[in-house]
Amino acid sequence: MRFTLLSFLPAALALPAALQSHTNEPVYWLLAGDSTTATNGGWGDAFLATTVAEGSSGKNYGHSGATTKSFRAGGDWGKVIDEVGTHKDDYRVYVTIQFGHNDQKATSGVTLADYKTNLANFASEASSAGATPILVTPLTRRTFSGGKVVENLINETAATIEVAEANSLHWINLNEASTKYVNAIGSAAADKYNLASGDRTHVNEWGGAVFARIVSDLLVGKYPEEFESVTKKNETLSALIAAGTAA
């Protein structure tokens, strides 16, 4: 099966006028999310280590077990906002915001309406602090049934996109892209990305690099004026992903 990331991206959006004169500045990335972004299980560290060009930098604030409610209550979001203030004079600061895996649990105390409100508040506060927020739909789980990935993050994906479009925010559909890739390579190949045997949610180091590459390619494909010059390419890995071939 062959597909390209660009084949399911909306047309690139016009670059905001406020950013047009700053696209040569380096980027400072702040990654907010749950364990699928966090160190030891997510794509965040690999994104910073393998896709960010020299001169740009960032920090991964992904937190295992986090919801859009606990990420704020536990102080993680406050740290992200503090970091925006620290770096906004020297960098273009972007905050990726990816939740959903834990919010959807019955024990989370977060309804779907709460989830949307929390995402919108994160984005508004990041903007007010001087950063550009990017809403990221949740990374797919890799459990198969009938030869296809079980798509159990549909509601959170749709809600994330709804918030982004209603508020004219940057966003990428990582859920769609990662689901298509995992479907293309199949269950056995996808299991090679598992953090531990049977763990089809979290990723090992190489899995993190693969999904980080998808994140980066989505961003560059949708917002080339902002990200192409500050991205480290891996044409071999990008080509494998685009072809639906196990990397």
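The values are calculated or read from the model by the stated rules, or taken from the named source; none is laboratory data. All values derive from a computational prediction rather than experimental measurement. Cβ coordinates were reconstructed from backbone atoms using ideal geometry, including for glycine residues, and neighbour counts include every protein chain displayed. Note: areas computed on protein heavy atoms with side chains; ligands, DNA, RNA excluded. Shrake-Rupley method; radii C 1.70, N 1.55, O 1.52, S 1.80 Å.
Hey, what do the phi angles of the range 236-247 turn into as Karplus ³J(HN,Hα) couplings, whole Hz, using 6.51/-1.76/1.60 and θ = phi - 60°, x for Gly and Pro?
5, 5, 4, 5, 4, 4, 4, 7, x, 10, 4, 9
Please name whichever of PRO133, THR245, GLY65 sits farthest to the positive end of the charge dipole of the chain, dipole taken about the Cα centre and charges placed at Cβ: Lys and Arg +1, Asp and Glu -1.
With unit charges placed on the Cβ atoms, the residue in question is THR245.
Where Lys and Arg each count +1 and Asp and Glu each count -1, what net charge lies around GLY85 among other residues with Cβ under 13 Å from its Cβ? Before the final figure, lay out each step's value.
Working: positive: LYS79, LYS88; negative: ASP82, GLU83, ASP89, ASP90, GLU125.
Its environment carries a net charge of -3.
By how many nm would the segment from LYS233 to SER57 lengthen if fully extended, with 0.36 nm per residue of separation less the alpha-carbon distance?
Working it through step by step, the gained length comes to 61.8 nm.
Residues of the range 82-110 with backbone nitrogen within less than 19 Å of a virtual label 7 Å along the Cα-to-Cβ line of SER145, please, listed as ranges.
Of the residues in the range 82-110, 101-102, 104-106 have backbone N under 19 Å from the label point off SER145.
Which order do ASP199, ASP114 take when ranked by solvent-accessible area (1.4 Å probe, heavy atoms of all protein chains), largest first?
Output order, biggest surface exposure first: ASP114, ASP199.
Which of SER216, SER70, SER128 moves most in a GNM of the chain, Cα contacts under 10 Å?
For the chain, modelled as a Gaussian network with Cα springs under 10 Å, the answer is SER128.
With charges only on Cβ, +1 for K and R and -1 for D and E, what is the dipole size of the chain about its Cα centre, in debye, rounded to 20?
Value, rounded to 20: 620 debye.
When the Cα centres of the range 182-196 and the range 70-144 are compared, how far apart do they sit, in Å?
27 Å
Only helical DSSP H runs with n ≥ 4 go in: add -39500 (n - 2.57) per run for the chain, normalise by residue count and round the 222 nm mean residue ellipticity to 500 deg cm²/dmol.
Mean residue ellipticity at 222 nm (helix-derived): -12500 deg cm²/dmol.
I need the phi-derived Karplus couplings for the range 181-198: 6.51 cos²θ - 1.76 cosθ + 1.60, θ = phi - 60°, integer Hz, Gly and Pro marked x.
Along the range 181-198, the couplings run 5, 5, 4, 5, 8, x, 5, 4, 5, 5, 5, 5, 8, 5, 5, 9, 4, x Hz.
Taking the Cβ-Cβ separation of SER168 and SER128 as r and a Förster radius of 22 Å, what is the calculated FRET efficiency to the nearest 0.05?
On the way: r = 15 Å, r/R0 = 0.68.
According to the calculation, E is roughly 0.90.
Add +1 for every Lys or Arg and -1 for every Asp or Glu among the other residues with Cβ under 13 Å from the Cβ of SER145, and state the total.
+3
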